[in-house]
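Values in this text are rule-based calculations from the coordinates and carry no lab data. Remember, it's a predicted structure, so these values are computed and weren't measured experimentally. Cβ placement follows ideal geometry from the backbone for every residue including glycine, while neighbour counts extend to all protein chains displayed.
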Amino acid sequence: MLQINNLHASISGKKILNGITLNVNPGEVHAIMGPNGSGKSTLAQLLAGHPAYQILEGEIKYEGNDLSELEAEKRAQAGIFLAFQYPIEIPGVSNSYFLKTGLNEIRKSRGQEPLDAFEFLKLIREKMKLVEMDESFINRPVNQGYSGGEKKRNEILQMAVLEPKLAILDETDSGLDIDALKIVAGGVNKLRNSNRSIIVVTHYQRLLNYIVPDFVHVLMNGKIVKSGGKELALELEEFGYDKIKVEVENGVSV
Amino acid sequence: MQTIEQLVNKEYEYGFVTNIEEETIPRGLNEDIVKIISSKKNEPEWMLEWRLKAYRYWLTMEEPTWPNVKYQKIDYNNIFYYSAPKTKPNLEGLDQVDPELLKTYEKLGISLTEQKRLTGVAVDVIFDSVSVATTYKEKLNELGIIFCSFSEAVKDHPDLVKKYMGSVVPYTDNYFATLNSAVFSDGSFCYIPPGVKCPMELSTYFRINAAETGQFERTLIIADKGAKVSYLEGCTAPIRDTNQLHAAVVELIALEDGEVKYSTVQNWYAGDKDGKGGIYNFVTKRGNCAGKNSKISWTQVETGSAITWKYPSVILNGENSIGEFYSVAVVNNHQQADTGTKMIHIGKNTKSTIISKGISAGYGDNTYRGLVRIGKNASNSRNYTQCDSMLMGNKCSANTFPYIEVKNTTSNVEHEASTSKIGEDQIFYCKQRGLNTENAISMIVNGFAKEVFKNLPMEFAVEAQKLLGISLEGSVG
């Protein structure tokens, strides 16, 4: 599904990623953890095609094709979805119009017929149940006036409607209370299947109690310094990132 | 990601010139020119007298310098004040209209023959200085509605013209309105008799074709007691590298329980990306809510012109009368706009609403200027004003100058303002959901302007949305 080889990248001249290598197969859930400033969000945004980031070295392959030259909308059309850490407000544009336009663009790129308003309404209503969203959100402007939890739920709703092959969740747990966290994680779990890969970017282990990953990677200074199974997250929770930092500094093989 | 520079050179779709023989009169402005214009139109003596009074008054006036716009001084003696297609327009039927003209309007998407047959919109078409066709006239006649060119109205309905012309915008009003009063060539006239609701949208389409010609049209709309009308105005001009002056006057009058809704989509040529050429759009538009419970509503979408300078206003004389102003003004490249409204509350319990959305891109400079005046007898009056500005890129600017004067203690005035910047993040968010850059900008901007668009008649709203997309293509880099 996704192969990242020795990826180096920068933003406005500042180097953030220093050689990331990561392989994600269909159906796998990978958690990427790391302290603040380690490059987690950069990686998420870069995969989604944010134009501010520059690839200096290495490559990203998605379904066997080089991703680096592809515009963000082409990546979306190819099935890559990013749940934003800070979802963006678009005043005056209703949630349903926004999402219907996006979905139909994606469908068009695949040679599928666009959904009409009725078909779409049926679809969005069904998907809203996954994240326990009230139907009033269908006509509310995109993310404007939403609480933090509502914004994050809205991201997962979009994921449910767009049905990506590769979903990247960027700190989807930040700013959520425990009830909202459970709802959001529950929504994501319902979207797990053997063809869909998910990358969960998070600072805390807490989310991983609810979305249980197949693999955990620790990112520090723009590099994956340790990889393991779900137990690695628990180890981090207990000992903090400092322990790994010390290991890395001492050259302990990970 | 595509940048401004790559996308900005979207051609102005309406920039072609029609090859048609035009009759013009010598350049320049003096009493003789005013007389020639009047005689070309076979006007009665009283009309000429009015023009001459205006001309003489104009000589004593100075061009205003207070608007927040910059342009080279206009040489009023180097402009043609009258230009008309040589083929005599036959106002009785379209069959005898010059085929070149009909082709022009078809290119503009205004197929007169089709309009006549299919749609529910009656159209008056002004080509340079004269009205070339008015559709649906007979059908309207049956209801007692008068919809014709201004010249015809002067001849056929002199009492109405004498009574109302200059009653809202007197010939002494301001530099450009006074100039218009002296040299206006044609325009539309509309009278809705008492109790009649006009069953279709009335529409005027203005087209400047001839070079170095000023267009000075006058529109006068009267809704008598209990009458209602919705009126649409559209405008385009060819691409030329010299600036052209458009100084129009629009007067609206609503008597007791009368309603006038006036919608404009202004798409005059805006000049090229370096700011060369384009129309100077210096227009006076004003309505008088003369009777009790009357209502006047202005909706404008301003995307064209090198410089826009206009303040569609409402004088709220009648008790319980309502004035509204909804505006979207877009400036891109080197365009400048100084636009807004005046709501003058005189009667009791009068209400006004102002929603202004300014969008600036490129090197554009966008100013909202508005006056809300509540007189001492206008007790229990209300105004709500909302001014929002959106900026794209770092080289444009937005300004807001609200003037508020309240002379009684029972009235209530609210003013809200905001400025936002359309950012890469918003566009990236849309792109991440599958939209390309153009669609993303169009969606964001249309969302921003939604409160205004919803006041436009359906067909116009669709056109306006498309226009907004085109005007701003590639303006985020």
Once every DSSP H run of n ≥ 4 in chain A is given -39500 (n - 2.57) and the sum is divided by its residues, what mean residue ellipticity at 222 nm do you get, rounded to the nearest 500 deg cm²/dmol? -11500 deg cm²/dmol
Given 20 °C, 1.002 mPa s and a Kirkwood radius over Cα pairs, the Stokes-Einstein diffusion coefficient of segment A:141-199 in µm²/s is 180
Using only the alpha-carbon atoms of segment A:150-254, report the extent along each of the three principal axes, biggest first, to the nearest angstrom. 46, 30, 22
Can you give the Kirkwood hydrodynamic radius for segment A:1-154, in Å, rounded to one decimal and based on Cα pairs? 17.5
For the pair B:Ile36/A:Glu238, report the inter-label distance in nm, with labels modelled 7 Å from Cα in the Cβ direction. 9.9
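Under the √(5λ) rule applied to the eigenvalues of the Cα gyration tensor, what semi-axes describe the equivalent ellipsoid of segment B:284-381? Give them in Å, descending. Walk me through the intermediate numbers first.
Numbers: eigenvalues 175, 23, 17 Å².
Each semi-axis is the square root of five times an eigenvalue, giving 30, 11, 9 Å.
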Residue of A:Gln85, A:Gln112, A:Gln54 that the Gaussian network model of chain A assigns the largest fluctuation, springs spanning Cα pairs under 10 Å: A:Gln112
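List the DSSP H helices in chain A whose Cα atoms stretch 15 Å or more along the helix axis and whose mean Kyte-Doolittle hydropathy is at least 0.0.
On the way: long enough: A:95-109 (21 Å, -0.79); A:117-130 (20 Å, 0.14); A:148-162 (21 Å, -0.47); A:178-190 (18 Å, 0.71); A:231-249 (22 Å, -0.27).
Within chain A the helices that satisfy the rule are A:117-130, A:178-190.
Students often get this wrong, so check it: of B:Lys53/B:Lys162; B:Lys40/B:Lys163; A:Lys108/A:Lys190; A:Lys152/A:Lys182, which have C-alpha atoms separated by over 20 Å?
Details: B:Lys53/B:Lys162 15 Å; B:Lys40/B:Lys163 23 Å; A:Lys108/A:Lys190 26 Å; A:Lys152/A:Lys182 12 Å.
From the list (B:Lys53/B:Lys162; B:Lys40/B:Lys163; A:Lys108/A:Lys190; A:Lys152/A:Lys182), the Cα-Cα distance tops 20 Å for B:Lys40/B:Lys163; A:Lys108/A:Lys190.
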Between B:Glu405 and B:Glu138, what length in nm is gained on full extension when 0.36 nm per residue of separation is reduced by their alpha carbon distance? 91.5 nm
In whole Å, how far is the Cα centre of segment B:397-461 from that of segment B:263-308? 18
Fewest-first sequence of B:His246, B:His157 by Cβ atoms within 10 Å of each Cβ: B:His157, B:His246
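Below 8 Å, C-alpha to C-alpha, sequence gap of six or more: please give me the relative contact order for segment A:129-254 in percent.
20 percent.
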Counting Lys +1, Arg +1, Asp -1, Glu -1, what net charge surrounds B:Gly287 among other residues with beta carbon under 11 Å of its beta carbon? +2
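Could you please rank B:Thr419, B:Thr409, B:Thr303, placing first whichever residue has the fewest other Cβ atoms within 10 Å of its Cβ? The partial results should precede the final answer.
Values: B:Thr419 14, B:Thr409 7, B:Thr303 24.
The most exposed by this proxy come first: B:Thr409, B:Thr419, B:Thr303.
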Which value, in debye to the nearest 20, describes the size of the charge dipole of segment A:201-254 about its Cα centre when Lys and Arg Cβ atoms bear +1, Asp and Glu Cβ atoms bear -1, and nothing else is charged? 160
Size of the dipole of segment A:141-183 about the Cα centre, Lys and Arg at +1 and Asp and Glu at -1 on the beta carbon, nothing else charged, in debye to 20? 120
